[in-house]
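Structure, as structure tokens:
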Amino acid sequence: MSPNNVKTNILLTGATGYIGGEVLSQLLEHPKFSSFNITALVRSPEKAEKIRALGVQVVIGSHTDETLVEKLASDADVVIATADADNLEALRATLRGLKKRYEATKVQPALIHTSGTGVLCDTAFGKYATDDIYDDLNPDQIETIAPTQPHRNVDLEIVAADKEGYVKTYIVLPSTIYGISTSKLAELGIQNPYSIQIPALIKNSIARGQGGVVGEGKNVWPHVEISEVAEIYVKLLDAVLAKSNPGHGREGYYFAENGEYTFSVLGKRISEVLVELGKGTNPEVITVSDEDAMVLANYGLASNSRCRANRARTTLGWNPKKTTEDFYGSIKAELEAVLKRI
Ligand SMILES: NC(=O)c1ccc[n+]([C@@H]2O[C@H](COP(=O)([O-])OP(=O)(O)OC[C@H]3O[C@@H](n4cnc5c(N)ncnc54)[C@H](OP(=O)(O)O)[C@@H]3O)[C@@H](O)[C@H]2O)c1
């Protein structure tokens with residue numbers, strides 16, 4: 001990014017994870033890959049070796065090592081953070097490093113951070129579908145989100161840093177990401193190929209032999225397929241490098257969704273697949289126990305979270321193709337994969 005530096009220094013955290021592995025796989029195929037100087041911060045020495053073999057620099061360490069994170073960020077033109085939406089200290093270390101980068105180069109580096117639409121969670125407990133739908137092209141509406149909401153403390157510090165002027169910040173907020181990754185890093189056994197919420201719901205359902213919902217399961221969440229969510233990161237990087245001035249700071253929230261699902265429909269689908277696979281007998285959905293409701297609530301599965309990814313579509317040209325039918329249709333493969341793992 002700096003005029004004296006032909007290559008763009010990119011620091012990536014979470015490269016062995018579901019999101020980060022997908023992003024790195026797409027960066028490996030990027031037409032400008034040879035102009036990227038990617039450094040991945042990775043914990044596993046074995047996986048580090050495999051990533052190095054792909055032409056990526058690797059530093060072995062944890063993002064809990066704040067000195068290391070600060071140093072790595074101080075060398076970066078762009079930080080893509082996919083390891084942990086909620087690690088405030090890692091974020092602060094990253095920002096300290098990026099500030100040093102700015103002071104040294106007088107060019108604002110970019111931070112592309114991963115948050116999540118869990119920030120929009122309400123207390124529906126399955127009783128209703130909310131009409132509150134957040135539009136990421138409406139920063140005034142985004143600013144009404146309470147600071148006590150999940151991920152929000154981190155997101156607010158990111159936007160404050162952008163306002164200070166030493167960094168341009170972009171926050172990607174994936175919704176329920178689904179699909180078993182088939183990326184290059186997943187194929188090589190480097191990347192975790194599985195998501196979080198759907199496998200958790202499926203595990204809970206397998207234990208019961210029936211799909212379950214909290215309350216009446218009327219609550220609604222958005223969904224997005226794993227390779228399509230990674231495209232947002234790549235398109236953001238492209239826009240940053242092209243200096244096309246994508247929305248940043250308070251205008252830099254990018255929801256990732258391509259449709260919505262209702263938990264009662266999802267629960268019924270899980271019940272049907274359990275019956276089909278001989279792991280259940282009742283194709284209907286049941287209200288879960290209070291104990292299971294608390295487990296599911298911890299994954300956001302008792303709440304509503306509704307938004308529209310208008311910013312990525314209109315300003316980045318993001319054009320996801322997967323449908324809500326694809327989302328429901330992914331359940332059988334997810335269930336078979338969970339059955340193999342338990
Ligand atoms: N999956 C979703 O549907 C979704 C949706 C919205 C938001 N998010 C958020 O996005 C973030 C990433 O999610 P994910 O699904 O990609 O999770 P994941 O598959 O568990 O990946 C997490 C990645 O972060 C790395 N990591 C964790 N702690 C680290 C540390 N102390 N130092 C260095 N690396 C560390 C992991 O490395 P190891 O391989 O060493 O463990 C792994 O590469 C999470 O905060 C999650 O809440 C996820």
> Of all DSSP beta bridges located in region 163-279, what percent are antiparallel, nearest 5?
Replying inline: 30
> What is the distance, in nm, between label points placed 7 Å from the Cα along the Cα-to-Cβ direction at GLN149 and at ALA129?
Replying inline: 2.0
>> Checking a compactness column here: for region 8-341, what do you get for Rg(Cα) / (2.2 N^0.38 Å), N being the number of residues?
In response: 0.99
>> Under a Cβ-only charge scheme (Lys and Arg +1, Asp and Glu -1), can you give me the dipole magnitude of the chain about the Cα centre, in debye to the nearest 20?
In response: 860
>> Calculate the FRET efficiency for ALA207 and ARG92 from the Cβ-Cβ distance with a Förster distance of 41 Å, rounded to the nearest 0.05.
In response: 0.55
> Once the dipole of the chain is set up with Lys and Arg at +1 and Asp and Glu at -1 on Cβ about the Cα centre, which of THR314, VAL213, VAL59 lies farthest towards its positive end?
Replying inline: VAL59
> For region 8-341, what proportion of DSSP beta bridges, expressed in % and rounded to the nearest 5, is antiparallel?
Replying inline: 10
> Can you sort LEU339, LEU12 by how many other beta carbons sit within 10 Å, fewest first?
Replying inline: LEU339, LEU12
>> Can you tell me, using C-alpha contacts under 8 Å and at least 6 residues apart, the relative contact order of region 12-161 as a whole percent?
In response: 19
> Cα gyration tensor of region 1-89, axes a ≥ b ≥ c as square roots of the eigenvalues: rounded (a/c below 1.5), prolate (a/b > b/c) or oblate?
Replying inline: oblate
> Over the chain, what is the relative contact order in whole percent, taking alpha-carbon pairs under 8 Å and six or more residues apart?
Replying inline: 20
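Each reported figure results from applying straightforward, stated rules to the coordinates on display, with no laboratory input. Everything numeric here is computed off the predicted structure, so don't read it as measured data. As a convention, Cβ positions derive from the backbone with ideal geometry for all residues, glycine included, and neighbour counts pool all protein chains shown.
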